[in-house]
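A.B. asks: Have a look at the structure that comes next, please.
The values are calculated or read from the model by the stated rules, or taken from the named source; none is laboratory data. In this text, all values refer to a predicted model and were calculated from it rather than measured experimentally. All Cβ positions, even for glycine, are placed from backbone atoms using ideal geometry, and neighbour counts span all protein chains on display. Remember, those area values only see protein heavy atoms, side chains included, never the ligands or the DNA or RNA. Shrake-Rupley method; radii C 1.70, N 1.55, O 1.52, S 1.80 Å.
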Amino acid sequence: MNWESSKPTPEAIYARVFEELRPRTPLPEIRVDFRRYANANAQIRLESGALIVRIADTLAGAPEDVQEALAWILLSKLFRKPIPPAANDRYRRYLNRRDVRKNLDLVRQARGRKQVEAPKGQHFDLDILFEELNFRYFFGLMARPTLGWSPRVSRTLLGHYDPSHNTIVLSKILDARNTPRLAVEYVLFHEMLHLRYPVEHNGARRCVHTRAFKDAEKAFEGLREAKALLRRL
Ligand SMILES: [Zn+2]
């Protein structure tokens, strides 16, 4: 027995939550592994009677109440029960903590390799579009992040800005002959605003499109038309 820690093992935490959720079900064998994921990920499944939990090692140092909150979330999902709001809130608050986010960013940077294709596509060159938008809307003052096309064609995620890799990625679906240039410019402009106006974290809440963001977006010439074009894509 490890005598310096009176802390319960992760297995004991899952056993405790399991017994509360399923008081009449015999306790299965429980295995909790911490894995080298690039994100704060966790998975749970029942496999031949054993409960297998895999958690990103970035969460290994989380306080006991956070581990327990995660256990509630995972086990509730597994048994299709509503997640207790307090558990959700506690876990989110932890992930939103400045030091925790900072650490996750560092881990992501070190481990995750960003999958993007070169900025010069078949029909649009993102580096050139960026500099034009930079000149027109940002006085040419925005430092150019890494720009690239997504390796996969996504219709639902047309663009995103990844702060941990300082990369703007646009969906390759936009790099097509029949995509109007205005539509591509708008998606890129929107992501440039994400670079300019970082996500605000406020306790458990996360605001991606802040008031300042939305105001700045109105400056885009042809905003309505661009949005309409994207809807028809
Ligand atoms: Zn956005």
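A.B. asks: If you go through region 90-106 one residue at a time, how many are part of a helix (DSSP H, G or I) and open to solvent by 60 Å² or more (accessible area, probe 1.4 Å)? Write out each step before concluding.
C.D. replies: The first filter runs over region 90-106 and keeps only residues part of a helix (DSSP H, G or I), leaving 90-96, 98-106.
Filter again for open to solvent by 60 Å² or more (accessible area, probe 1.4 Å), leaving 90, 92-93, 98-99, 101-103, 106.
Final tally of qualifying residues: 9.
A.B. asks: Under 8 Å between Cβ atoms, which residue pairs at least 6 apart in sequence (or on different chains) link something in region 154-168 that is within 13 Å of residue 230 (Cβ to Cβ) and in contact (Cβ under 8 Å) with a residue 24 or more places away in the chain with a partner that is among the hydrophobic types (A, V, I, L, M, F, W, C) and part of a strand (DSSP E or B)?
C.D. replies: These pairs meet every condition: 158/170; 159/168; 159/169; 159/170.
A.B. asks: On to the next question. Restricting to region 46-69, what's the tally of residues that are in a helix (DSSP H, G or I), open to solvent by less than 30 Å² (accessible area, probe 1.4 Å) and in contact with a strand residue (DSSP E or B) (Cβ under 6 Å, 6 or more places away or on another chain)? Can you show your working first?
C.D. replies: If we filter region 46-69 for residues that are in a helix (DSSP H, G or I), which is where we start, we get 57-59, 64-69.
Pick out the ones that are also open to solvent by less than 30 Å² (accessible area, probe 1.4 Å) and you get 58-59, 66-67, 69.
Subsequent filtering for residues that are in contact with a strand residue (DSSP E or B) (Cβ under 6 Å, 6 or more places away or on another chain) retains none.
The qualifying residues number 0.
A.B. asks: Moving on. Restricting to region 73-87, what's the tally of residues that are within 21 Å of the chain's Cα centre (by Cα) and either in contact (Cβ under 8 Å) with a residue 40 or more places away in the chain or surrounded by 19 or more Cβ atoms within 10 Å (Cβ to Cβ) (or both)? Before you say what the answer is, go through the steps one by one.
C.D. replies: Step one: of region 73-87, the residues within 21 Å of the chain's Cα centre (by Cα) are 73-74, 77, 83, 85, 87.
Okay, now just the ones that are also either in contact (Cβ under 8 Å) with a residue 40 or more places away in the chain or surrounded by 19 or more Cβ atoms within 10 Å (Cβ to Cβ) (or both), so 73-74, 87.
So the count comes out to 3.
A.B. asks: Which residue, of 115, 122, 109, is outside any helix (DSSP H, G or I), more than 21 Å from residue 181 (Cα to Cα) and open to solvent by 80 Å² or more (accessible area, probe 1.4 Å)? Let's see the steps before the verdict.
C.D. replies: Details: 122 fails: more than 21 Å from residue 181 (Cα to Cα); 109 fails: outside any helix (DSSP H, G or I).
Selected residue: 115, the only one of 115, 122, 109 that is outside any helix (DSSP H, G or I), more than 21 Å from residue 181 (Cα to Cα) and open to solvent by 80 Å² or more (accessible area, probe 1.4 Å).
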